Amino acid sequence: MKTEPGTYSWEDLVKDKKTVWDGVRNFQARNNIMAMKKGDMVFIYHSNVGKDIVGIAKITKEHFPDPTAEDWAVVEIAPVKKLKKSITLADIKATKKLANMVLVKNSRLSVQPVKEAEFDFIVKMSQE
DNA sequence: GCCAACGTTGGC
DNA sequence: GCCAACGTTGGC
């Protein structure tokens, strides 16, 4: 899940303990929101500023209608942990195994699917 | 600040 | 249903 740190950052999420991920106004992104299950892990990515995956959050409430716009959907997430070392877009592009990530292929999509192998690999990279 | 990529809108 | 025009996102 992408966010501009100037608007809502990982640090804000940690401070809030949990948040409703609203404001999604794209059908593809909405589909991805709806596909998320309680307990699923998600990466939080800072777009524009940093351009890096900074932490892991989890779904604490499955999708329900966006309180700010009925036709759209939101999930509630809570922070799990910050990555020891954030993984930048440049890191991802430079890593063959990750070069096919949606983040690279379709960077504008605000809620993206991450493959299990990609997830695990990024977690591993972040610990080195 | 620029611009490519993408999504949406609206005229036909 | 097509496509041009426009707006937005986000990397550089």
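The values are calculated or read from the model by the stated rules, or taken from the named source; none is laboratory data. Everything quoted here is computed from the prediction, not taken from an experiment. As a convention, Cβ positions derive from the backbone with ideal geometry for all residues, glycine included, and neighbour counts pool all protein chains shown.
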Self-check item: residue A:7 being surrounded by 15 or more Cβ atoms within 10 Å (Cβ to Cβ) and β-branched (Val, Ile, Thr)
Solution: no
Quiz item: Of (1) more than 16 Å from DNA strand B (Cβ to nearest atom); (2) of a type in the set (Lys, Arg); (3) more than 13 Å from the chain's Cα centre (by Cα), residue A:82 satisfies all except one. Which?
Solution: (3)
Self-check item: Members of region A:40-60 that are surrounded by fewer than 16 Cβ atoms within 10 Å (Cβ to Cβ) and within 16 Å of DNA strand B (Cβ to nearest atom)
Solution: A:48, A:49
Practice problem: Would you please name the residue that is farthest from DNA strand C (Cβ to nearest atom), looking only at residues in region A:108-128 that are surrounded by 14 or more Cβ atoms within 10 Å (Cβ to Cβ) and without any contact (Cβ under 8 Å) to a residue 60 or more places away in the chain? | Solution: A:121
Practice problem: Please find, among A:97, A:84, A:15, the residue that is away from DNA strand C (no atom under 16 Å from the Cβ), loosely packed, with under 12 Cβ neighbours inside 10 Å and without any contact (Cβ under 8 Å) to a residue 40 or more places away in the chain. | Solution: A:15
Exercise. Spot the failing condition for residue A:71; the list is (1) over 23 Å from residue A:102 (Cα atoms); (2) within 14 Å of DNA strand B (Cβ to nearest atom); (3) surrounded by 13 or more Cβ atoms within 10 Å (Cβ to Cβ), and only one is missed.
Key: (3)
Exercise. Output the number of residues of region A:23-39 satisfying the condition of being surrounded by 15 or more Cβ atoms within 10 Å (Cβ to Cβ) and charged (D, E, K, R).
Key: 1
Quiz item: Quick check: is even one residue across region A:53-73 within 11 Å of DNA strand C (Cβ to nearest atom) and modelled with pLDDT of 95 or more?
Solution: yes
